[in-house]
Amino acid sequence: MILSLLAATCPAAEMLQAPNPGGKAANQLDISGNACGPAALLSSFRCGSTTWQKAAAELPGDSDKARMRHWIRYFGLRPSETLKGRTRWTNAGMNVEDLVTAVNEMNRPLYLPVVTHDGLFLQGRETPEKLLKRTRARLHSSLKSGVPPLLSMRRHVLRKGQWQSVQGHFITVIAVPAKLGKGEQGFPITYLDPWGGKRCEGWIRIPTESLLAPQGQRSPCLLADVPAANIGRKEVRKGEKSVVIPEAVIGRW
């Protein structure tokens, strides 16, 4: 319903698409329910520039299952950069910092561009409007450079008066607006969801209510309207309010 209302009130935006928007989406369920990071990365390789597609071609295997298994074995099971005594890829998946490190390790021998990441929460005196602009700019810059960005999202529930994290997920963004008009409160995205390997539409927008903050206080984050995403739904109890938050972006800018 939210997406329909936004679409009805916002003019059609000129979208910047990934260099190869028709690239096949990888399905994390081919190997594991916690393989969204490797699957989203494989989708990014395929939808990127010819240089970026080189990375997908270098992964051995005659199926996506074999390719992701190889990636996890050689890059995901190395010691974590942030979690002492653990590997990068675990039963809980992989965090942003470890995924960035793993991608750059893989790409270094291929002479491919270095990727980085940025947190999508208010920084310093940043306003929600500036955070929205920064988020779109990061996604846009990475697409323009030929690297479809990975967006790290997380579902949170309001449980007993406190916001609690439920589950995180990576998606591959393949289209964003070329520009963000003055005063706009959100923007559409097209993305590949590794859960099922499907193409979806969503919106990133400024919240109209307090999220991850006490009632009446400014939200430190944006809101992701992604109705097709199944992120942590089964962990939400009857009657609980839940939202999906874009937390970080991985790409090149």
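The values are calculated or read from the model by the stated rules, or taken from the named source; none is laboratory data. Everything numeric in this text was worked out from a predicted model, so none of it was measured. Positions of Cβ are generated from backbone atoms using ideal geometry, with glycine treated the same way; all protein chains shown enter the neighbour counts. For accessibility, only protein heavy atoms count, side chains too; no ligands or nucleic acids. Shrake-Rupley method; radii C 1.70, N 1.55, O 1.52, S 1.80 Å.
Pairs are defined by a Cβ separation below 6 Å, a sequence spacing of at least 6 or placement on different chains, a first member in the range 179-191 that is under 10 Å from E129 (Cβ atoms), and a second member that is open to solvent by less than 60 Å² (accessible area, probe 1.4 Å); the pairs so defined are L180/R136; L180/F187; Q185/R205; Q185/I206. Please enumerate the residues belonging to the range 141-163 that are without any contact (Cβ under 8 Å) to a residue 12 or more places away in the chain and either part of a strand (DSSP E or B) or small (G, A, S) (or both). Scanning the range 141-163 gives G161, Q162.
Does R46 count as buried (at least 17 other Cβ atoms within 10 Å of the Cβ), at pLDDT 95 or above, within 30 Å of L180 (Cα to Cα) and not aliphatic (A, V, I, L, M)? For R46, the condition - buried (at least 17 other Cβ atoms within 10 Å of the Cβ), at pLDDT 95 or above, within 30 Å of L180 (Cα to Cα) and not aliphatic (A, V, I, L, M) - is met.
Residues that are out of contact with any Lys or Arg (no Cβ under 9 Å at 6 or more places or on another chain) and more than 26 Å from G232 (Cβ to Cβ): does the range 97-106 have at least one? Yes, some residue in the range 97-106 is out of contact with any Lys or Arg (no Cβ under 9 Å at 6 or more places or on another chain) and more than 26 Å from G232 (Cβ to Cβ). Within the range 85-107, the set of residues being touching a residue at least 40 places away in the same chain (Cβ under 8 Å), within 15 Å of F170 (Cα to Cα) and either open to solvent by less than 20 Å² (accessible area, probe 1.4 Å) or touching a His at 6+ places or on another chain (Cβ under 7 Å) (or both) comprises G93, V96, L99, V100, V103. I'm trying to understand the selection: among the residues of the range 116-152, which are more than 14 Å from the chain's Cα centre (by Cα), among the hydrophobic types (A, V, I, L, M, F, W, C) and open to solvent by less than 10 Å² (accessible area, probe 1.4 Å)? Correct list: L131, L132. Of all residues in the range 49-80, those being in a helix (DSSP H, G or I) and exposed (fewer than 14 other Cβ atoms within 10 Å of the Cβ) number 3.
With respect to G168, is the statement that it is open to solvent by 10 Å² or more (accessible area, probe 1.4 Å) and without any contact (Cβ under 8 Å) to a residue 60 or more places away in the chain true? The answer is no for G168. Taking the criterion of being within 18 Å of G196 (Cα to Cα), among the aliphatic types (A, V, I, L, M) and in contact with a strand residue (DSSP E or B) (Cβ under 9 Å, 6 or more places away or on another chain), the residues of the range 12-41 that qualify are A25, A26, A35, A39, A40, L41. For the range 9-43, what are the residues that are hydroxyl-bearing (S, T, Y), crowded, with 16+ Cβ neighbours inside 10 Å and assigned to a helix (DSSP H, G or I)? Residue satisfying the conditions is S43 alone.
Per-residue answers, yes or no, for (1) of a type in the set (F, W, Y); (2) in a loop (DSSP other than H, G, I, E, B); (3) touching a Ser or Thr at 6+ places or on another chain (Cβ under 8 Å):
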{"residue": "K84", "(1), (2), (3)": "no, yes, no"}
{"residue": "P113", "(1), (2), (3)": "no, yes, yes"}
{"residue": "D118", "(1), (2), (3)": "no, no, no"}
{"residue": "L132", "(1), (2), (3)": "no, no, no"}
{"residue": "F170", "(1), (2), (3)": "yes, no, yes"}
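Of the residues making up the range 189-226, those that are among the hydroxyl-bearing types (S, T, Y) and either closer than 20 Å to L143 by Cα or open to solvent by 20 Å² or more (accessible area, probe 1.4 Å) (or both) are T190, Y191, T208. With respect to the conditions (1) part of a strand (DSSP E or B); (2) within 17 Å of I245 (Cβ to Cβ), R138 falls short on a single one, namely (1). Here is a check on your reading of the model: is K238 under 25 Å from G22 (Cα atoms) and assigned to a loop (DSSP other than H, G, I, E, B)? The answer is no for K238.
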